[in-house]
Structure formats: C-alpha cells, structure tokens
Amino acid sequence: MASEREPIAVIGTGYVGLVTAAGFAQLGSDVWCVDIDADKIARLERGDVPIYEPGLAECIAANRRRLHFSTELTPALEHARLLFVAVGTPPTYSGDADLSAVYAVVDAMPRSDRHALVMKSTVPVGTGTAIERSFVERGKAGFAYVSCPEFLKEGSALQDFLHPDRVVVGDEADWAGDAVIELYAPFDAPLVRTDIASAEMIKLAANAFLATKISFINEIANVCEETGADVLEVARGMGLDQRIGTHFLKPGIGFGGSCFPKDVSALKQLAGNSGYHFQLLTAVIEVNELQKRRVIGKLQKHLGSLVGKTVTLLGLAFKANTDDMREASSLVLSARLQADGARVRAYDPIAEAEARRLMGGVEFADDALGALDGADACVIVTEWPEFAQLDWSGIAKRMPGRLVIDGRNFVDPERVRAAGFIYEGIGR
C-alpha cells in the first residue's frame, strides 16, 4: 500500500510533526522525519516516543517500517516532494510569532522545481508571501509553497488527524496544492481550497474565536457567582441554541497550551502591526489572565493569609491527556501561591517530569492522596479522569483543611460536601 501513496517528509518532530507523520504512515505513506535535535531522533529510532499523546506510541510502533528518522535533510529531499513544516513558532516578548525556526528551514532548502514546502506550523498572515519572495530573491523560484494549517487538539490529536472536520489548503492552484489535496483525499472531509493568506488567517481566526468563547463563558461564570446562578445550567441552556453550540462553553481557570495563548496574541499583534486595534482580543487575553488569579482570591476568602498554608494542586498539565505544560494555569498558580507565602504540593499523573523543570520550590507527590496528606486546601487544576474517582471521605481523614476549589467543575460537589469539605467551583 505504501507504493500507492505519495511519500512525504515532516520537518520537526514535536506534537504536530509526530502526529502528522504517524497519521500519514497509518494511511500508507512512507514518511521521512527530520529534526535538528539528535537526542530526540535517537529516541525515536529506538521506538521511544518523547511526548505523551493517546494512541501515538502505538501508531508509530505499528507503522515503524514506513517511518524514517534523521537529523539530515538530504534523505527527505531525495525521497519526498512534499516537505511538511511543523516547527515551533513561539511568541516573542512583543507578542509576535518567532519565525526563526521556519526561516531556518527555508534557508536550508536547495534550488528545486520538484519540491514544495507545506506549512503546518501556525504562522502570521503574510508569511507565505514573504517565503515565496525569499525563494525568488535566492534563485529558488521553482520551489512551491502550500499553507495547510493543522487543527489538532492535544489529548485527541491523532484522532483529530484521522477524522478531520475540514482540510484547508492555501496555494497558487499549482501541482503542489493538488498533491496535498490528493494526500488528504481518503479522509473525505470538507475541503477549503483558497489563497495562502486566507488559509493562514483561517487558523488564527478559528483559535481566536474558540479562545473568545472560553473567556466569555468564564465572564458569565463570574457574574453567576455574584448573582446565584449556576453557570453549568446557563451553559447548557445556551449551548442548545444551534447558533452557539456546546463546544468550548466549559468555565474554568483559563485556557493554556501551545496554541490559544500564542495564536490570540499573534493575531492581536498582527492587527496592531497593520494599524488596527483588536479590542476584543485584548479583553480575551485580560479575562484569561484574571481568571487564573481569581483562584487565589477564593483561597484567601476562606483561609485568610496564605503564609505557611499548604495548598495542593491536583493536575499540572494545561489539560488532561497531555504532558504539555506550555502556558499551563498551574505555572501561574504555583508562582502566586509561593509569592504569598504558601507551601505548594502537586501531583500530575503524566506531566511531572516537565513540571519539575518549570516549577521551582514545589513538592511533588507520587499520587493524589499523598499530595493531599496534611494539606490546608486543594485546587483541581487539570481534569484528569482519576480525580473524578477520589474517595473524599477517606481524604477527609488525611487532609486537615476543608477547602476544595474545583477549577474545572469536574468533581461531584455533593460527594465533596458530604465528606465535610467546603466546595467552590467556577460560577456555581
């Protein structure tokens, strides 16, 4: 079957790159994976997947003969026409996207009239035009370019790849765009074939809108707390309106991860660089930051001064089913708690290794019960399934404090209260 499919290359073996490579290998393509991190490539060659994503390790193992890993670009150029770019574009201090890794890939490309860069990395609108201009200036005008943004959710990324709700291809209506569309043909998903700039904007606009929904329902939750309404009932009633829908109407302590904070900031900055002040996104960012800090206020309301208090954070990753700590709410909470004099104890079933690298002064426990032993308060930060099964009556015998702040509205309030705890959710 591999001979029937276009071989491809994937440059960058992070969350997007590895999922893209594994997904196309699952479909039958030979995939040449390239990364400058020699240690990461060595691990992948040994079958050791360096990130946690449900089903990914199994998919890579099942398709190992189609996956080729290297730090060298030459084998990829020899075997594949389509070079999928999945390198990081983190935010700079100004809020703009750091495109240094993208342009390092561009610089490494040879003169060619049979290759195309297919951009999976999220980039500002206008990046494709700038890259094409760079190719022309360097005598590489024959190198084609396609924008094919990814829409993968960490925690379900492989399933999202294999069952996309749409495929977006921005190109110059040439062979490269046709070839990318052919690669995605087995998915039978709606196709949006458009110009490059519009494809770039689709990704940024989609993430900004979803982030706006989250900040909106968090604002509603805050008003519910002041008026006595239950935000879960409000969200349920809102979501049944087909114009609104139920997705991303879950109040919590703010969004994080590798996409939403970065992409909202990048779109806001892009608008500003173009002379337009995107007021709505300014508010979305502000609400998200304040939402994390409201947890501190809830703790102080019940405990008074936090000096000397032990506060347990259950869950550290920015969401369940991932080990990604980028822009995680736990980072802000642990820093603020320690600044206020609290002792911070924490547990996460998957993300501890990365959390240890980023969170100084935190005491890590081997399990949830150990983290709660002797604590004055508990904050549920990440909605890991095991937390829904906690025995709160048993916890009450080990935890002298009686405050539980459910930052995801995840556990059963009645079970928590029945065990003698004070339960505080978000907007309830």
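For each of T322, T212, T122, T92, count neighbouring Cβ atoms within 10 Å of the residue's Cβ, then give the residues from fewest to most.
T92, T212, T122, T322
Along the Cα→Cβ direction, 7 angstrom out, place labels at F248 and E386. What is the inter-label distance in nm?
A separation of 3.1 nm, rounded to one decimal place.
How long is segment 337-394 along each principal axis, judged by its Cα atoms, biggest number first, in Å?
That gives 31, 24, 17 Å along the principal axes, largest extent first.
Dimensions of the chain along principal axes (Cα, Å, largest first)?
The Cα atoms of the chain stretch 70, 49, 38 Å along their principal axes.
Bin width 10 Å, alpha-carbon pairs only: give the P(r) of segment 2-194 as whole percents, running from 0 to the bin holding the largest distance.
For segment 2-194, the pair-distance distribution reads 9, 38, 39, 13, 0.
So if I average 1/r over every pair of distinct C-alpha atoms in segment 260-424 and take the inverse, what Kirkwood radius in Å does that give?
Final number for the Kirkwood radius of segment 260-424 is 16.7 Å.
How much length is gained if the chain between E4 and A57 is pulled fully straight, taking 0.36 nm per residue apart and subtracting their Cα-Cα distance, in nm to one decimal?
That pair, E4 and A57, stretches by 16.6 nm at full extension.
How compact is segment 210-309 by the rule of thumb for globular proteins, expressed as Cα Rg over 2.2 N^0.38 Å?
1.26
How long is the gain from V307 to A141 if the chain were fully straight, where each residue apart is worth 0.36 nm and the alpha carbon distance is subtracted?
The span from V307 to A141 would gain 53.4 nm if fully extended.
If you plug each phi of segment 179-191 into the Karplus form 6.51 cos²θ - 1.76 cosθ + 1.60 with θ = phi - 60°, what whole-Hz ³J(HN,Hα) values come out, in order, with x for Gly and Pro?
Per residue, the Karplus-derived 3J(HN,Hα) values read 5, 5, 4, 5, 4, 8, 4, x, 6, 6, 9, x, 9 Hz.
Going by how many other beta carbons lie within 10 Å of each one, how would you line up S258, S134, S274, fewest first?
By the 10 Å Cβ count, ascending, the order reads S274, S134, S258.
Angle between the Cα long axis of helix 196-227 and the longest principal axis of the chain, 0 to 90 degrees, nearest 10?
Its long axis makes an angle of about 10 degrees.
Give a residue-ordered list of calculated ³J(HN,Hα) values for segment 65-80 (Karplus: 6.51 cos²θ - 1.76 cosθ + 1.60, θ = phi - 60°; whole Hz; x for Gly, Pro).
Karplus values, whole Hz, x for Gly and Pro: 6, 8, 9, 10, 10, 7, 8, 9, 7, 4, x, 5, 5, 5, 9, 10.
Of P261, P124, P385, which is the most mobile in a GNM of the chain whose springs link Cα atoms less than 10 angstrom apart?
P385
Hey, for a label at S198 modelled as a point 7 Å past Cα toward Cβ, could you say which residues of segment 127-170 have their backbone N under 15 Å away?
147-149, 167-170, by backbone N distance to the label point.
Rounded to whole Hz and in sequence order, give me ³J(HN,Hα) for segment 30-47 from the Karplus expression 6.51 cos²θ - 1.76 cosθ + 1.60, θ = phi - 60°, writing x for Gly and Pro.
Taking θ as phi minus 60°, the curve returns 6, 10, 9, 9, 10, 8, 7, 7, 5, 5, 5, 5, 4, 4, 5, 5, 7, x Hz for segment 30-47.
If you take the alpha carbon radius of gyration of segment 37-98 and divide it by 2.2 N^0.38 Å, what ratio comes out, to two decimals?
1.39
What is the extension gain from S112 to R293, computed as 0.36 nm multiplied by their sequence separation minus the C-alpha to C-alpha distance, in nm to one decimal?
59.9 nm
Classify segment 47-136 as rounded, prolate or oblate from the Cα gyration tensor: take a ≥ b ≥ c as the square roots of its eigenvalues, call it rounded if a/c is under 1.5, otherwise prolate when a/b beats b/c and oblate if not.
It is oblate, given that a/c is not under 1.5 and a/b is not larger than b/c.
Test of the criteria: in segment 273-358, which chymotrypsin sites (Phe, Trp or Tyr not before Pro) are in a DSSP loop and have at most 13 other Cβ atoms within 10 angstrom of their Cβ?
Counting only loop positions with at most 13 other Cβ atoms within 10 Å, the chymotrypsin sites (Phe, Trp or Tyr not before Pro) in segment 273-358 are Y276.
How high is the relative contact order of the chain? Use alpha-carbon pairs under 8 Å, at least six apart in sequence, and give a whole percent.
Reported relative contact order: 12 percent.
Obtain the nm distance between the two label points defined at R356 and E182 by a simple spin-label model: each point lies 7 Å from its Cα along the Cα-to-C-beta direction.
Roughly 4.9 nm, to one decimal.
Please report, in Å, the Rg and the Dmax of segment 372-428, where both are computed over Cα atoms only.
Looking at segment 372-428, its Cα Rg and Dmax stand at 10.2, 28 Å.
What's the exposure ranking of H247, H68, going from fewest to most Cβ atoms within 10 Å?
Ordered from fewest to most neighbouring Cβ atoms within 10 Å, H247, H68 come out as H247, H68.
Helix-only estimate, please: 222 nm mean residue ellipticity of the chain, summing -39500 (n - 2.57) across DSSP H runs of length 4 or more and dividing by its residues, to the nearest 500.
-13000 deg cm²/dmol
Taking amide H positions as placed in the peptide plane 1.01 Å from N, state which residues far from D30 in sequence (5 or more) or on other chains have amide H under 5 Å from it.
Hits under the 5 Å cutoff: I8.
As an exercise, find the ratio Rg/Rh for segment 83-235 from alpha-carbon atoms, using the Kirkwood inverse-distance average for Rh.
We get a ratio of 1.09 for segment 83-235.
Every number here is computed from the coordinates shown, using simple stated rules; none is lab data. All of these numbers come straight from a predicted model, not from anything done at the bench. Methodologically, a virtual Cβ is constructed for each residue, glycine included, from the backbone with ideal geometry; neighbour enumeration extends over all protein chains shown.
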